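Student: What follows is a single structure, and I will ask about it in a moment.
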Amino acid sequence: QVQVVESGGGSVQPGGSLRLSCAASGSIFVIGVMGWYRQVAGKERELVASIFSGGSTNYADSVKGRFTISRDNAKNTIYLQMNSLKPEDTAVYYCSADLKSTLYSTNQEYWGKGTLVTVSS
């Protein structure tokens, strides 16, 4: 059993900051890439940022320079520091972890249930 749990969402005014956390726990042998996605009702889920175990990162163009993804491999945890937030950043933010449960298992992607971020004055 693997669990992925997000935390840190909430409401903030435009220009403000929030920090999201995501922890993976349970039967984990090794985690590859972890990422943050977001989804607005009626739209497809989109990648916000991702980070590999070695530290390489990718960002959506819309968040470059404002959001920073980081990772603590010892804690199987990633973070998303969101600065200069805009109303269009409002969405449910989901965390994903691509991992192997055992040495011989195949990679599988696990998702959290999401955390709501609302940016409004």
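Student: Do you know which residues across the range 39-49 are surrounded by fewer than 21 Cβ atoms within 10 Å (Cβ to Cβ) and touching a residue at least 12 places away in the same chain (Cβ under 8 Å)?
Tutor: At the first step, the residues of the range 39-49 found to be surrounded by fewer than 21 Cβ atoms within 10 Å (Cβ to Cβ) are 39-47.
Within the range 39-49, Gln39, Val40, Arg45, Glu46, Leu47 qualify.
Student: Tell me, which residue of the range 1-49 that is of a type in the set (A, V, I, L, M, F, W, C) and assigned to a loop (DSSP other than H, G, I, E, B) is modelled with the highest pLDDT?
Tutor: Ranking the qualifying residues of the range 1-49, first place goes to Val40.
Student: I'd like to verify a number: residues in the range 105-117 that are open to solvent by 40 Å² or more (accessible area, probe 1.4 Å) and either in contact with a Lys or Arg (Cβ under 6 Å, 6 or more places away or on another chain) or of a type in the set (Val, Ile, Thr) (or both), how many?
Tutor: Of the residues in that region, 2 qualify.
Student: Every residue in the range 77-104 that is surrounded by 20 or more Cβ atoms within 10 Å (Cβ to Cβ) and within 15 Å of Val4 (Cβ to Cβ), please.
Tutor: So in the range 77-104, the residues surrounded by 20 or more Cβ atoms within 10 Å (Cβ to Cβ) come out as 78, 80, 82, 85, 89, 91, 93-97, 99.
Scanning the range 77-104 gives Ile78, Leu80, Tyr93, Tyr94, Cys95, Ser96, Ala97, Leu99.
Student: For the range 50-101, give me the residue count where each residue is at pLDDT below 95 and among the basic types (Lys, Arg).
Tutor: Residues flagged as at pLDDT below 95 and among the basic types (Lys, Arg) within the range 50-101 amount to 1.
Student: Just give me the residues in the range 102-120 being of a type in the set (Gly, Ala, Ser) and at pLDDT 95 or above, in sequence order. Working first, answer last.
Tutor: Initially, the range 102-120 is screened for residues of a type in the set (Gly, Ala, Ser), giving 105, 112, 114, 120.
Gly112, Gly114, Ser120 - these are the residues of the range 102-120 that are of a type in the set (Gly, Ala, Ser) and at pLDDT 95 or above.
Student: So, Tyr59, is that one open to solvent by 70 Å² or more (accessible area, probe 1.4 Å), without any contact (Cβ under 8 Å) to a residue 24 or more places away in the chain and aromatic (Phe, Trp, Tyr) or not?
Tutor: On the way: open to solvent by 70 Å² or more (accessible area, probe 1.4 Å): no; without any contact (Cβ under 8 Å) to a residue 24 or more places away in the chain: yes; aromatic (Phe, Trp, Tyr): yes.
In short, no.
The values are calculated or read from the model by the stated rules, or taken from the named source; none is laboratory data. Model, not experiment: these values are computed from the prediction. Glycine also receives a Cβ, built like all others from the backbone with ideal geometry; neighbour counts cover every protein chain displayed. Side chains are part of the model used for accessible areas, which takes the heavy atoms of the whole protein and leaves out ligands, DNA and RNA. Shrake-Rupley method; radii C 1.70, N 1.55, O 1.52, S 1.80 Å.
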